[in-house]
Structures are given as C-alpha cells and as structure tokens.
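The values are calculated or read from the model by the stated rules, or taken from the named source; none is laboratory data. Being a predicted model, the structure only gives us computed values, none of them experimental. Reconstructed Cβ throughout: ideal geometry from the backbone, glycine too, with neighbour counts over all protein chains shown. The protein model used for the area step is the full one, side chains on, heavy atoms only, and it has no ligands, DNA or RNA in it. Shrake-Rupley method; radii C 1.70, N 1.55, O 1.52, S 1.80 Å.
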Amino acid sequence: MSDSQDPTTSPVVTTQVDLGGCSWQGGGNGFLRFHQHQEVQAFLSLLEDSFVQEFLSKDPCFQISDKYLLAMVLVYFQRAHLKLSEYTHSSLFLALYLANDMEEDLEGPKCEIFPWALGKDWCLQVGKFLHQRDKLWARMDFRAVVSRQCCEEVMAKEPFHWAWTRDRRPHHGGVQRVCPQVPVRLPRGPGLSPPHCSRCGLPQHCSRHQLKPVSSKCPSLTSECHRPPSQNSLSRVKNAWGGDFLIVLPPEMQLEPGTYSLRIFPKPPARPGH
C-alpha cells in the first residue's frame with residue numbers, strides 16, 4: 001500500500017486456510033465467521049436433542065460415534081452446504097454412517113444406525129437410506145476424507161463441549177480385520193445397540209438383556225455351533241494308511257478341535273448294464 005492510499009477505502013482481504021481438507025474462512029468477512037458460528041451452534045444443538053442423546057448413550061464404547069466421527073459429521077454438513085434447517089436427525093445419521101464407511105474397518109457396528117434412522121421397518125428401507133447417503137456424498141463433491149487435524153480444528157471451535165470427551169479406548173482402536181469371537185445378530189436395535197464391552201469398564205445400559213447367538217441350522221454334533229468358520233472349516237483327520245489329510249466342512253458342520261474317526265463305506269458294485 002502506498003502512502004497516498006486511504007486505508008479506510010482499501011478493499012478487505014479475506015483469507016481461506018485449508019488444513020487437511022478442512023476450510024475455515026478468516027480475515028475481514030464477519031458474515032462468513034458468523035455463519036460458521038451458526039453452523040457449529042446448530043450442530044451442537046442437534047447433539048443435545050433427546051433422541052440423539054438416547055442414541056449416543058447406547059454407544060458407551062464410542063464405536064460408531066466417538067468425537068472424531070462426530071466432528072466429521074459437522075465437516076460433511078459444511079461441505080454439503082446444508083441449510084441450518086437441514087441439520088436434522090436424518091442428516092446426522094446419514095453423515096455418521098458415511099463417516100463410519102470412511103474410517104471404520106468393521107461393518108457390523110455401523111448397521112446399528114439403521115433402526116435409529118429408519119424406525120421399526122428399517123429392513124425395508126435400507127436401500128433408500130443408502131441412496132440418500134450417496135446423495136449427501138454427491139453434494140459434498142465426493143470429498144469424504146477428513147484429516148485428524150481438520151477434526152481437531154472443528155473441536156477447537158467449542159473446546160469444552162461434552163461431545164469432544166467421547167474418546168475411544170485403545171483396545172477399540174487400530175486396524176481390526178478379525179470377526180468378533182461372540183457373534184450377535186446385527187443390528188440389535190435401539191434398545192440393545194451396540195454390544196457392550198466389559199473392557200471399557202462402563203456400566204451396561206441393558207443388563208437385563210442377554211446376548212443371544214445367531215440361530216443356525218447345524219447338527220447337534222457340538223455345543224459350539226457358532227465358532228467362526230476360520231477356526232473350524234478345515235479339519236485334520238488321521239489317515240489309517242499313513243499320513244494326514246484335510247477335510248473341508250461346510251459352515252453348518254463346524255466341529256470342536258479333537259480327534260474324530262472317519263468311516264469310509266465301500267462303493268456299491270455297479271448293477272449289470274450300468
């Protein structure tokens with residue numbers, strides 16, 4: 001700026017900082033800052049809704065709604081340019097499901113969102129829900145990756161809010177590629193979701209309900225019908241003529257580890273003319 005220029009008539013410069021895919025407007029544009037503040041407050045007000053509070057209370061281990069996933073929801077709302085009137089239960093569940101799609105390895109826990117988002121007949125509306133998720137993703141220009149730094153910037157807007165205390169325990173973190181040892185029917189529904197983890201040391205919300213394994217049509221060969229197939233689908237059998245060989249069993253015929261005798265019946269002689 002030259003000495004002859006009047007600073008009161010100079011244009012206001014607005015800067016935009018892009019950190020990890022998270023854009024926050026700064027500079028002299030007070031309207032943009034005010035609008036962003038409105039978005040943050042509308043989102044936090046949505047989290048205070050009694051229905052959302054109940055949903056969050058049923059996730060004591062923060063497997064599907066920890067602080068980073070919640071921060072991603074707000075980033076998605078802003079990337080999709082949602083109006084404040086669109087900060088609703090439906091939008092929250094769609095964005096939260098998409099955030100789980102992006103960040104979580106296990107497919108089961110996020111299915112607990114369906115009964116909350118769709119109601120009692122949720123199983124008839126899953127296809128519609130996924131279509132709405134894709135529409136939200138398209139409104140975001142398919143920019144669903146959110147960095148940790150971006151999430152922390154979101155939290156810094158209201159650093160003492162209770163939502164940012166939802167820290168996931170280390171044993172629920174990291175890459176998880178194995179199936180749970182005790183399979184349960186998923187989704188379990190609003191009153192039971194998601195399964196309680198005793199390692200978190202939190203009170204179980206629905207202690208009156210017992211976990212029931214998924215029913216299976218398996219022969220009464222063993223009481224362990226529900227052991228993961230990866231442990232039982234291959235059975236080693238001792239060959240009476242020397243050496244071992246493997247038998248691949250179908251999933252409904254899983255056996256406990258042990259020794260089993262194999263009886264081989266001779267092939268009946270062919271009838272004349274065959």
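General observations
- Thr15 being assigned to a helix (DSSP H, G or I), open to solvent by 50 Å² or more (accessible area, probe 1.4 Å) and at pLDDT below 95: no
- Residues of the range 70-115 that are under 15 Å from Val126 (Cβ atoms) and either free of Cβ contacts under 8 Å to residues at least 12 places away in the same chain or touching a strand residue (DSSP E or B) at 6+ places or on another chain (Cβ under 9 Å) (or both): Glu107 alone.
- Every residue from the range 77-101 that is over 11 Å from the mean Cα position of the chain (by Cα) and either among the acidic types (Asp, Glu) or assigned to a loop (DSSP other than H, G, I, E, B) (or both): Ala80, His81, Leu82, Lys83, Glu86, Tyr87, Thr88
- Checking each residue in the range 103-140 for being basic (Lys, Arg), closer than 23 Å to Glu54 by Cα and in contact with a helix residue (DSSP H, G or I) (Cβ under 9 Å, 6 or more places away or on another chain) picks out Lys110, Arg133.
- Looking across the range 34-48, not a single residue is in contact with a His (Cβ under 7 Å, 6 or more places away or on another chain) and open to solvent by 40 Å² or more (accessible area, probe 1.4 Å).
- Number of the exception - Gln63 against (1) at pLDDT below 95; (2) surrounded by fewer than 23 Cβ atoms within 10 Å (Cβ to Cβ): (2)
- Scanning the range 137-147 for residues that are among the aliphatic types (A, V, I, L, M), open to solvent by less than 90 Å² (accessible area, probe 1.4 Å) and under 17 Å from the mean Cα position of the chain (by Cα) gives Ala144, Val146.
- For Glu112: the one exception among (1) part of a helix (DSSP H, G or I); (2) surrounded by fewer than 20 Cβ atoms within 10 Å (Cβ to Cβ); (3) among the acidic types (Asp, Glu): (2)
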